[in-house]
Amino acid sequence: MAAERTDIESFLHLTGQYPVIDVRSPGEYQHAHIPGAYSLPLFTDEERKVVGTAYKQQSRETAIKEGLDFFGPKMRKMVEEAEAICKNHHTQNSQAENGTHPVNRVLVYCWRGGMRSSAVAWLLDIYGFKVHTLIGGYKKFRNHVLETFRLPHPLYILGGFTGSGKTELLKGLQQKGETVIDLEAIASHKGSAFGNIGMPKQPTQEMFENKLALQLRKAVSNNESSEKAESYSPIWLEDESQRIGLVNIPHELWKTMRNAPVWFLEIPFEERLTHIVQEYGALDQERLRDAIGRISQKLGSLNANTAISMLNEGNIRACFEILLRYYDKFYFRSLHNREGLNSLLHSIECKSVTVENADLVIQQSHAKKQRIQA
């Protein structure tokens, strides 16, 4: 056997079947990586620095010798860790080269598809693994990610004032067979000043983009593999500000979103207020106070102080009524700050906040698609 150099499209296709091993340093991996990849670093962060310095200040040969000093003592451990990765991965290769034993298959990448992935691939290959290395490495993957955002994705935007239950409705649409991408789930943030409360740590901007791009590619792939043209599905996204907590929706995708049809849920204020109180009312009150403080300038000092007073008194509904009216104004401006809104906006009247609204959204969006196709 010999390691097989694999292009990005084929490599990503194989990630659904075999474990992906990132041999870059721990710091590189922690910053961002191909989603789902396991970290098996050839060098520590400090070792990588030593090798890089030798390469720049002395020679390629000196850098390789330095690298070999670090690599040699790790060989057995790396093979054993690769075996453990394959064992824990649900898609082991059952093919046998000689028909007597299974051959583990792994996908390996480094930064540029150069010496680090080649060294680990060589080691795993001689041990008996079937190895695919990514041509161009992680850098090629990142170019692939950025190209994804420039594609003309067929998007449908689910809009509605705060408290309309848009996130829950996305899940309802997905359960009914619609193609959905939950931006807030990928960003680990609910998109407001209160959006990080009760949520895990947000990914880096680069990791957010990596996860989002792969979900977009998967959605496109599912559409392309559909047997019937009429089953081609738009991709549903929630109407968001470009910034979601600490991360930003990539500019090219954001432009596509701002020119996509918006299906706007018209839900009475009191119904939305009840829903938002149920959703946020049980959260940590100290963090709620801090969040109100962060938007106090935009909210206005009087409104901010009143909201905090209501919160302190335990009058959650009165507190959130102030906040909801602020966010309604904010979202109204954002909604109408897009060109051609009259042709893009489709209002859907809903009596309350419920996942059953998914049926109304599907009925109206499918009716529009049929009129266009007619």
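Read-outs throughout are calculated quantities, based only on the coordinates presented, and are distinct from any laboratory measurement. Keep in mind it's a predicted model, so treat the numbers as computed, not measured. Counting neighbours? That spans all protein chains shown, and the Cβs are built from the backbone with ideal geometry, glycine included.
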(request) Using only alpha carbon pairs under 8 Å that are at least six residues apart, calculate the relative contact order of segment 153-373 and give it in whole percent. (result) 32 percent
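For the chain, what relative contact order do you get, as a whole percent, if you take Cα pairs closer than 8 Å and at least 6 residues apart?
Values: 528 pairs, mean separation 64.2, N = 374.
In percent, rounded to a whole number, it is 17.
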(request) Subtracting the Cα-Cα distance from 0.36 nm times the residue separation, let me have the gained length for residue 17 to residue 282 in nm, one decimal. (result) 91.3 nm
(request) For the chain, set up a Gaussian network in which alpha carbons nearer than 10 Å are linked by springs, and say which option among 60, 294, 112 fluctuates the most. (result) 60
(request) Report the label-to-label distance for residue 313 and residue 252 in nanometres (one decimal), using points 7 Å from each Cα along the Cα→Cβ vector. (result) 5.3 nm
(request) Could you work out which residue, out of 116, 333, 258, moves most in a Gaussian network model of the chain, that is, has the largest mean-square fluctuation with Cα springs under 10 Å? (result) 333
(request) Round to a whole angstrom and tell me the spacing of the C-alpha centers of segment 8-57 and segment 119-140. (result) 11 Å
(message) Could you work out [θ]222 nm for the chain from helices alone, using -39500 (n - 2.57) per DSSP H run of at least four and dividing by all its residues? Round to the nearest 500 deg cm²/dmol.
(response) -16500 deg cm²/dmol
(request) Rounded, prolate or oblate: pick one for segment 143-256, where a ≥ b ≥ c are the square roots of the eigenvalues of its C-alpha gyration tensor, a/c under 1.5 means rounded, and failing that, prolate if a/b is larger than b/c, else oblate. (result) oblate
(request) Under a 10 Å cutoff between Cα atoms, tell me which one of 145, 361, 79 has the largest fluctuation in the Gaussian network model of the chain. (result) 79
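If r is the Cβ-Cβ distance from residue 364 to residue 221 and R0 is 25 Å, what FRET efficiency results, to the nearest 0.05?
Details: r = 27 Å, r/R0 = 1.08.
For residue 364 and residue 221, the calculated efficiency is 0.40.
Which value, in nm² and rounded to one decimal, describes the direction-averaged projected area of the C-alpha convex hull of the chain?
On the way: hull surface 94.4 nm².
Mean shadow area of the hull around the Cα atoms is 23.6 nm².
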(message) If R₀ is 41 angstrom, what is the calculated FRET efficiency for the pair residue 2 and residue 176, using the beta carbon separation as r and rounding to 0.05?
(response) 0.30
(request) Rounded to the nearest Å, what's the spacing between the alpha carbon centres of segment 297-362 and segment 171-193? Just the number, please. (result) 18 Å
(message) Where in the chain is the longest stretch that carries no GluC sites (Glu not before Pro) classed as loop by DSSP and with at most 16 other Cβ atoms within 10 Å?
(response) 98-226
(request) Could you work out the relative contact order of segment 4-145, using alpha carbon pairs under 8 angstrom and six or more residues apart, expressed as a whole percent? (result) 31 percent
(message) Check which residues have an amide H placed less than 5 Å from residue 236's amide H, if you skip close sequence neighbours.
(response) 156, 179, 180, 181
